[in-house]
Amino acid sequence: MKAMIPKQHGAWAMLLIPFLLGMVKGGPVFWHIPLFLGWLFLYLTVYPVSLALKKKQLQPYQKWIWYYGFPACCFLIISVFHKPQLVWIGVFLLPLFLIHTHYARRKNERALTNDIAGVLFFCSGGLASCWLGTGILDGWAWFLFLQSALFFVGSSFYVKSVIRERKNRRFAYWSWGYHLLL
């Protein structure tokens, strides 16, 4: 049985970097282990959910949703049990996930709006990680979130301008303008 693993290489960096930055800023604690495992399994769960929505077939993906979703819930429940305020990160993630499901149903996961929602989704792992270590969401936690989000949105612009939108001059100008502004 071959594991169903997401193929988007950049998403792995978006999963890890904000989380690790938040952990370094907040100070590593034991509770980062279940939070990271829950975060990892949540990411793995979204992939078969997206495919099921895109192809409008639940059956081929149901076992992977279960295999990844169950551990995600268990590890995240452990984290929330330790720090109940982490539920607010989940509240923040829900609309971003709904944006993703909307684009997955329309078979348009490459839309820039979906990319930005995904970036914000991933960067919130840094908020959770920092909050878990420090016990507060201070200015540094939000600074790390913002810097990660700005960087990865820039990456989305860049990748689109050289691959998917390479013939779209208007998009190239938007990408250049974004990077110049930063």
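Every read-out reported here was derived from the displayed coordinates using simple, explicitly stated rules and does not represent laboratory data. Note that the coordinates shown come from a computational prediction; the quantities given were computed from them, not determined experimentally. With ideal geometry, Cβ positions are generated from the backbone for all residues, glycine too; neighbour counts draw on all protein chains shown.
Per residue of the stretch 53-58, in order, report the coupling 6.51 cos²θ - 1.76 cosθ + 1.60 (Karplus, θ = phi - 60°) as ³J(HN,Hα) in whole Hz, putting x for Gly and Pro.
5, 5, 8, 6, 9, 8
Treat every Asp and Glu Cβ in the chain as -1 and every Lys and Arg Cβ as +1, leave all other atoms uncharged, and give the resulting dipole magnitude about the Cα centre to the nearest 20 debye.
1000 debye
Go through Lys7/Lys167; Lys54/Lys167; Lys2/Lys83; Lys25/Lys56; Lys2/Lys56 and tell me which ones have a Cα-Cα distance over 32 Å in this structure.
Checking Cα-Cα distances, Lys2/Lys83; Lys25/Lys56 exceed 32 Å.
Set the Förster radius R0 to 45 Å, insert the Cβ-Cβ distance between Thr113 and Ile33 as r into 1/(1 + (r/R0)^6), and round the FRET efficiency to 0.05.
0.85
When a/c is below 1.5 the answer is rounded, else prolate if a/b is larger than b/c, else oblate, so apply that to the stretch 82-182 with a ≥ b ≥ c taken from the square roots of the Cα gyration tensor eigenvalues.
oblate
Which of the trypsin sites (Lys or Arg not before Pro) across the stretch 118-179 are loop residues per DSSP, with 12 or fewer other Cβ within 10 Å?
Arg166, Lys167
Fully extended, how many nm does the chain gain between Cys73 and His9 (0.36 nm per residue separation, minus their Cα-Cα distance)?
Full extension from Cys73 to His9 adds 20.6 nm.
Here are labelled values, (1) -0.42, -1.30; (2) -0.51, -1.31; (3) -0.37, -1.38, and one is the computed log10 I(q)/I(0) by the Debye sum over Cα atoms at q = 0.10, 0.19 Å⁻¹ for what I pasted. Which one?
Among (1) -0.42, -1.30; (2) -0.51, -1.31; (3) -0.37, -1.38, the one derived from this structure is (1).
Just report the Cα centroid separation between the stretch 9-39 and the stretch 99-135, whole Å.
14 Å
So what J values fall out for the stretch 14-26 if you push phi through Karplus, 6.51 cos²θ - 1.76 cosθ + 1.60 with θ = phi - 60°, rounded to Hz, Gly and Pro as x?
5, 6, 8, 4, x, 4, 5, 4, x, 5, 5, 5, x
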